[in-house]
Each structure stands twice: as C-alpha cells, then as structure tokens.
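The values are calculated or read from the model by the stated rules, or taken from the named source; none is laboratory data. Note that the structure is a prediction, hence the values are computed from the model and not measured. Quick reminder, even Gly has a Cβ in these numbers, built from the backbone with ideal geometry, and neighbours come from all protein chains shown. Each accessible area value is taken on the protein alone, full model and side chains, heavy atoms only, with ligands, DNA and RNA left out. Shrake-Rupley method; radii C 1.70, N 1.55, O 1.52, S 1.80 Å.
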Amino acid sequence: MTASAENAGCPAVEVRGLVKDFSVGLRGVKLRAVDQLNLRIEAGQVYGLLGPNGSGKSTTIKALLGLIEPSAGECRIFGVDSRSVAARREVGYLPEAPNFYRHLSGRELVRFYGRMGGMADAALPARIEAVLATVGLADHADRKSTRLN
C-alpha cells in the first residue's frame with residue numbers, strides 16, 4: 001500500500017471501535033465476532049493477525065476491506081473510509097477460498113471484478129485483455145471459469 005500525497009501522514013490502516021455481530025441459527029442468536037477492536041498500522045509497518053479459528057481475524061480483514069458492514073466502529077485506509085472505492089484501490093486481497101462465479105467466463109469474471117473495483121468503462125476492455133494475457137488465459141478467456149483448470 002502506498003499513500004497518495006493528500007493522505008500522507010495518515011496511518012496505512014486505522015480501525016476504531018470495530019464491532020461485528022452475526023445472527024446465528026433460526027432464532028437469530030447474536031454472535032459477536034469482533035468486539036471493540038482498535039488498531040493502527042503506520043505506512044511501512046508489517047503486521048499480522050494471529051489467533052485460533054473463530055477469533056475474528058477474517059472478519060476483521062473483511063470489514064477493513066469494506067466486504068462486510070461493521071455493526072459499529074470504523075475502518076480507514078490511508079485516512080479514507082474503507083467502504084469507498086478510493087480506499088479499495090490502495091489494497092490487494094486474496095481470500096483463502098476465492099469465489100469464482102461458475103456461470104461466467106474468464107473474460108466476464110475479470111470484467112465483473114474490474115467493475116466492482118471501480119474501473120472506468122472506457123478503460124475496462126483494454127485492461128481485461130492485459131490481465132488475461134498476464135495470467136496466461138488470453139487464448140481461453142471465453143471458457144466458463146469452471147473449465148479453467
């Protein structure tokens with residue numbers, strides 16, 4: 001991650017009072033996955049989240065990346081609310097089990113994620129082709145993602 005000139009001096013990551021509750025079961029029993037987490041990581045620092053299964057590590061990362069909505073608190077990346085597209089442009093994320101929509105082709109999948117990332121429609125076609133070429137799928141881009149083994 002790198003800070004833009006306007007965000008210089010802001011921490012790379014800042015989490016304040018993060019709470020995430022999930023409803024579990026038919027009765028909607030509340031499960032608190034993260035409870036009042038405060039975290040500050042300066043630009044250039046390396047930081048790891050360690051803990052047993054179910055301790056809230058993945059939930060924290062997903063909230064920080066704007067993939068799930070916190071129940072309370074806020075997450076910022078270089079001073080920008082992490083739910084904004086501008087903040088997501090500053091980070092990369094590889095989930096432990098990536099989700100590829102089975103009905104989409106490789107080309108459609110790259111287009112989908114490009115649009116989710118806020119890429120301008122005018123720039124998207126060229127970027128799709130560049131990404132497909134980079135990962136060696138240019139010749140197989142129109143196959144369904146389930147057939148890209």
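Of the residues making up segment 71-87, those that are more than 14 Å from Glu14 (Cα to Cα) and surrounded by 14 or more Cβ atoms within 10 Å (Cβ to Cβ) are Ser71, Ala86. Listed by first and then second residue, the pairs with beta-carbon distance under 9 Å, at least 6 apart or on different chains, first residue in segment 10-25 and under 11 Å from Pro70 (Cα atoms) and open to solvent by 40 Å² or more (accessible area, probe 1.4 Å), second at pLDDT below 95 and of a type in the set (Phe, Trp, Tyr), form an empty list. Residues that are surrounded by 13 or more Cβ atoms within 10 Å (Cβ to Cβ) and over 18 Å from the mean Cα position of the chain (by Cα) were ranked within segment 41-58; the one that is farthest from Gly17 (Cα to Cα) is Ala43. Scan segment 96-129 for residues that are outside any helix (DSSP H, G or I), among the small types (Gly, Ala, Ser), without any contact (Cβ under 8 Å) to a residue 24 or more places away in the chain and touching a helix residue (DSSP H, G or I) at 6+ places or on another chain (Cβ under 9 Å) and the total you get is 1. The lone criterion from (1) under 19 Å from the mean Cα position of the chain (by Cα); (2) at pLDDT below 90; (3) not acidic (Asp, Glu) left unmet by Arg27 is number (1). Taken residue by residue, segment 63-70 has at least one member that is farther than 19 Å from Lys144 by Cβ, open to solvent by 60 Å² or more (accessible area, probe 1.4 Å), touching a strand residue (DSSP E or B) at 6+ places or on another chain (Cβ under 9 Å) and modelled with pLDDT of 85 or more.
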